[in-house]
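Peer 1: Questions regarding the structure given below will be posed in turn.
The values are calculated or read from the model by the stated rules, or taken from the named source; none is laboratory data. Bear in mind the structure is a predicted one, so any value in this text is a computation, not a measurement. Cβ coordinates were reconstructed from backbone atoms using ideal geometry, including for glycine residues, and neighbour counts include every protein chain displayed.
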Amino acid sequence: MTTHEEKELKRKLKEEQDLLNQNKNKSEKRTKNITLSIIGIIVLVIIIVVIYKSATKPVIIDDRYNVLEGQVVVEEFSDFQCPYCKAASSTVKQIEETYGDKVAILYKHFPLPSHKFAFAAAEASECARDQSKFMEYHYKLFENQKELAVSDLKKYASDLGFDTEQFNECLDSGSKKSIIERDILEGQKKKVTGTPTFFVDGQRLSGAQPFEKFKPLIERNL
């Protein structure tokens, strides 16, 4: 092989090697771009899901309840004189015991006009809230649903160890009337027509439904 031929061969080999290197760089760049695109799509999907969940989660404006970030909100529109609400109260208790602080239970008053003791019972429960014993008192009312005269409401407060002077004054004053009326108005805006009516993170569930009906709605939002 002459010197000229040797130089020509080296030149061709170098050109081929340069071409291989160029193709390799292009392939690596293409792979990197595809990887970055996939990562970008995944991040975008996550952002969309977060925004969607934030947008669809109900906004709670109620100074009676301290709803924490991440809690599943279970709103209940109920009536202390309603037998179906009494049946549902055991399910509410099961939700409390099962999920604890993962769920915020918001009891809203919706006393029906046909239940003559229901409005006063609702007022009494809000007086109980002033002593940080709303849920305890609310279960007591359901347990004694057929005895909800004012004298009974005061007796239950005494039985549960309330400051009875404070409780009786609160109940007699009618100071909680506006709270009950506000809940009723909210229920009407949400097209509540009967009790109990629940909203699990905004999704309606009507009637005294068993725990099994609540479980999938709650757990998919945890």
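Peer 1: Which of the residues that make up the range 69-87 are out of contact with any helix residue (DSSP H, G or I) (no Cβ under 7 Å at 6 or more places or on another chain) and surrounded by fewer than 22 Cβ atoms within 10 Å (Cβ to Cβ)?
Peer 2: E69, G70, V73, P83, Y84, A87
Peer 1: Is it the case that some residue within the range 211-222 is surrounded by 12 or more Cβ atoms within 10 Å (Cβ to Cβ), closer than 17 Å to H109 by Cβ and not charged (D, E, K, R)?
Peer 2: No, because not a single residue in the range 211-222 is surrounded by 12 or more Cβ atoms within 10 Å (Cβ to Cβ), closer than 17 Å to H109 by Cβ and not charged (D, E, K, R).
Peer 1: Being under 13 Å from S125 (Cβ atoms) and among the hydrophobic types (A, V, I, L, M, F, W, C) is true for just one of L185, L222, L160. Which residue is that?
Peer 2: Numbers: L185 fails: under 13 Å from S125 (Cβ atoms); L222 fails: under 13 Å from S125 (Cβ atoms).
The match here is L160.
Rundown of residues vs (1) outside the structural domain of S78 (by TED's automatic domain parsing); (2) within 17 Å of F117 (Cβ to Cβ); (3) under 32 Å from the mean Cα position of the chain (by Cα), yes/no style:
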position: K133; (1), (2), (3): no, no, yes
position: E136; (1), (2), (3): no, no, yes
position: K140; (1), (2), (3): no, yes, yes
position: Q145; (1), (2), (3): no, yes, yes
position: D152; (1), (2), (3): no, yes, no
position: Y156; (1), (2), (3): no, yes, yes
position: F162; (1), (2), (3): no, no, yes
position: E165; (1), (2), (3): no, no, no
position: E169; (1), (2), (3): no, no, no
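Peer 1: Report yes if some residue within the range 119-128 is without any contact (Cβ under 8 Å) to a residue 12 or more places away in the chain and under 21 Å from D62 (Cα atoms); otherwise report no.
Peer 2: No - not one qualifying residue is present in the range 119-128.
Peer 1: Would you tally the residues in the range 200-220 being in contact (Cβ under 8 Å) with a residue 24 or more places away in the chain and either of a type in the set (V, I, T) or assigned to a strand (DSSP E or B) (or both)?
Peer 2: Total satisfying the criteria: 2.
Peer 1: Next question. Failed condition for D62, given (1) assigned to a loop (DSSP other than H, G, I, E, B); (2) of a type in the set (D, E, K, R); (3) in contact with a strand residue (DSSP E or B) (Cβ under 9 Å, 6 or more places away or on another chain); (4) without any contact (Cβ under 8 Å) to a residue 40 or more places away in the chain, with all others met?
Peer 2: It fails just one condition, (4).
Peer 1: Considering A88, A120, which residue is under 20 Å from Q209 (Cα atoms), in a helix (DSSP H, G or I) and either in contact with a strand residue (DSSP E or B) (Cβ under 6 Å, 6 or more places away or on another chain) or of a type in the set (A, V, I, L, M) (or both)?
Peer 2: It is A88.
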